[in-house]
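Before any comments, here is the structure.
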Amino acid sequence: MKKLKRVLAAAMLLMALAVSFSCRKQVNEDTAEGRLMFRFDSSPEDISKVSKELPDTNEFLITVTDENGKEVFDGIYGELPEAISVDPGSYSIYVRSEDFSGLKFSAPQYGDEQCVVVPPSGDIAVSLDCRQINSGIRLDISPDFLTEYPDGVLFLKSGTHRLMYSYSEDRIAYFSPGSISLILYDGGRETVLLTRTVVAQEILVMKISVSASDPEGSRGISISLDTSRVWTMEDYYLGSQESSKGESSGSAISVAQAAENVGRDDVWVSGFIVGGDLTSANASFEPPFKSASNILLGPRSTVSSRNNCIAVQLPSGDVRDALNLALNPEMLGRLVCLKGDIESSYYGLVGLKNVSDFVLK
């Protein structure tokens, strides 16, 4: 009987150990960290076809929070590590060109907001597709309005924010999507001329003039919407695939797009100088550098993996003298546009050879 009890006890112990091991194994598999990786689909110079007022994407603000609202990262895109190790679960990503609120001139805000789910031991590549997320309005004030209301003052009002719009102003005023009102202050009295609701990515252009006199001699304010100039920003986004991309430094393709353009000659590529001293398997990302004949071009200044870069051959002459890291360590981290031939392999990476011109940003 005692022997039977010992056998049963041993069997129960083995079962308990098996169950315990199985649970621990399952927990480890379910909680194994995954990784978040980010990229813009275009060069820092290509976020908008029309605006010169935007920072490059390296300066964009990015916030990553988990499903409980806890911040995983909050800073500028240029400071992002190449991959963020996170627990499995859902994450919210909010990227924007600036933190915007109120009513401001020349302040277009571009951004993107996404929710992604990271599986255990999985990699999620987040492609950031930024579009204009605020709204805008520009007034075209005719000379007859100035004549009729020489002492009048025009204001724009959005929520609790007000902005004076002078008669000679030609900039676009930006505000959060929603209602915008145009107010005339004249003779100690305020008059709301109109209120419009404007959505994100939309810019209204309105002509303000004075209507002709009626038979009794009175005149009124006339406001017309220039429908030919209501801009919807659907085309102003990262990742444009125009055939003319790369034909000038202003339309340079990105490091990520270089692989899609292998075989093209005399094409402009934009990226950050992140390293040098290339071999077939390695590269240096920190000074001192020894080689003057090559550099690594990355999608952002913080890249530290050669697999995310393209290799650039620096020909002897002005290009090498200006950009090589052995003699110019201050070039590390600089944004540059290079004109050359894209080849399938240079030191084991997509390469840019025969560089004939460059523009530092």
At most 13 other Cβ within 10 Å, DSSP loop - trypsin sites (Lys or Arg not before Pro), region 81-134: none
Need one word for region 298-349: rounded, prolate or oblate. Basis is the Cα gyration tensor (sqrt eigenvalues a ≥ b ≥ c); a/c below 1.5 gives rounded, then a/b vs b/c decides. oblate
Give the Cα extents of region 250-345 along the principal axes, in whole Å, largest first. 32, 28, 24
Accessible area per residue of region 126-182 at 1.4 Å probe, in Å²? 43
Convex hull volume of region 65-219 per residue (C-alpha atoms, cubic angstrom): 136
Fully extended, how many nm does the chain gain between residue 280 and residue 344 (0.36 nm per residue separation, minus their Cα-Cα distance)? 21.7 nm
Listed by chain and number, the residues whose amide H is under 5 Å from that of residue 102, excluding neighbours fewer than 5 places away on the same chain and using placed H, are 176
Length gain on complete extension for the stretch residue 304 to residue 361, per 0.36 nm per residue less the alpha carbon to alpha carbon distance? 18.4 nm
Estimated distance in nm for a label pair at residue 191 and residue 116, the labels positioned 7 Å out from Cα along Cα-to-Cβ: 5.5
Under-5 Å amide H pairs with residue 107, H placed in peptide plane, nonlocal only: 174
Calculated FRET efficiency, residue 199 and residue 37, Cβ-Cβ r, R0 30 Å, to nearest 0.05? 0.40
Relative to the present Cα-Cα distance, how much length would full extension add between residue 66 and residue 125 at 0.36 nm per residue of separation? 19.6 nm
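The values are calculated or read from the model by the stated rules, or taken from the named source; none is laboratory data. All of these numbers come straight from a predicted model, not from anything done at the bench. Positions of Cβ are backbone-derived with ideal geometry, glycine not excepted, and every protein chain shown enters the neighbour counts. SASA here: full protein model, heavy atoms, side chains in, ligands and nucleic acids out. Shrake-Rupley method; radii C 1.70, N 1.55, O 1.52, S 1.80 Å.
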